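This report concerns only the one structure given below.
The values are calculated or read from the model by the stated rules, or taken from the named source; none is laboratory data. For clarity, every value in this text was computed on a predicted model and none was experimentally measured. Reconstructed Cβ throughout: ideal geometry from the backbone, glycine too, with neighbour counts over all protein chains shown. Remember, those area values only see protein heavy atoms, side chains included, never the ligands or the DNA or RNA. Shrake-Rupley method; radii C 1.70, N 1.55, O 1.52, S 1.80 Å.
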Amino acid sequence: DIFENCTAYLPDNAQLVFNNTRVIHARLFFYKETGAKIEIFCLEPVEPGDHQLAFQQTEEVTWKCMVGNSKKWKEGFLTHTFELDGKTINLTAAKIAQEENTFHIRFIWNGGIHFSEIIEHIGQLPIPPYLNRETEESDEETYQTVYAKIDGSVAAPTAGLHFTESVFESLRKKNIQTREVTLHVGAGTFQPVKSETINGHTMHHEQVEIPIGIL
């Protein structure tokens, strides 16, 4: 059978719970004066630690990040200058701490705009590494679930990508209730287990919000 017919296998009056997280433009690119390209991959906010509060900041914020080509960025600041809403914005990035293979990066900018606006404007949507290609414009739609609404993930909850509006219509006809939780998927979802024993594998953590009464 095909997934579009999944409603036929569900009992009437059931309840399905969906993860309404939305993938953010987590990949930011900076260039040094030498021309070296540095990628800063925003994983999760550190200060403030709440995703929505971090997105609402208008001057500075600190994120836990992976840094591509980090050997070319040993010290100093990185700056990305761009235009947004008629303003010239200077976004500065500085490494303030290292945590194993990730860094705490402090972003500082002018213009009084939200950090969410910055990454939406200059950031790139991260797609799974196993696709072996660059991000395409179509990914803005196809790599989000149809019910995505809360910014915070760096990877899509891929099981949900199979649901379409026609499937939801079929659910309604069988009086199947839908509820939502928010779990921001982290990059650790792609981290392979390389150790011989599970004790040697460091599990990442993810932020989840479950509304009262859903269970």
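The table for this structure:
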read-out	value
Top of GLY76, GLY200, GLY186 by mean-square fluctuation, Gaussian network on the chain, Cα under 10 Å	GLY200
Chain lengthening between LYS74 and GLN177 when straightened (0.36 nm per residue, less Cα-Cα)	31.8 nm
Cross-link pairs beyond the 32 Å C-alpha cut-off, checked among LYS72/LYS149; LYS95/LYS194; LYS74/LYS149; LYS64/LYS174; LYS32/LYS149; LYS71/LYS149	LYS72/LYS149; LYS74/LYS149; LYS64/LYS174; LYS32/LYS149; LYS71/LYS149
Gaussian network model of the chain, Cα within-10 Å springs - most flexible of TYR143, TYR130, TYR31	TYR130
Quotient of C-alpha Rg and 2.2 N^0.38 Å, computed over region 32-119	1.06
Label-reachable residues, region 158-180, where backbone N falls under 12 Å from a point 7 Å from VAL193's Cα toward its Cβ	none
Charge-dipole axis of the chain as Lys and Arg at +1 and Asp and Glu at -1 on Cβ define it, positive-most pick from MET66, THR135, ILE150	MET66
Normalised per residue, the volume of the convex hull around the Cα set of the chain (Å³)	180
Relative contact order computed over region 49-167 (Cα-Cα under 8 Å; 6+ residues apart), in percent	24
Rounded, prolate or oblate (a/c below 1.5 giving rounded, otherwise prolate when a/b exceeds b/c) for region 14-82 by Cα gyration tensor	prolate
FRET efficiency estimate (nearest 0.05) - Cβ-Cβ, VAL208 to TYR9, R0 30 angstrom	0.65
Listed residues CYS6, CYS42 arranged by accessible area, highest first, probe 1.4 Å	CYS6, CYS42
Long-range Cα-Cα pairs in region 124-215 (distance over 21 Å), rounded percent	48
The chain - percent relative contact order, Cα under 8 Å, separation 6 or more	28
Distance between modelled label sites at SER166 and TYR147, nm, 7 Å Cα→Cβ extension	1.9
Region 41-112, relative contact order [Cα under 8 Å, separation at least 6], %	32
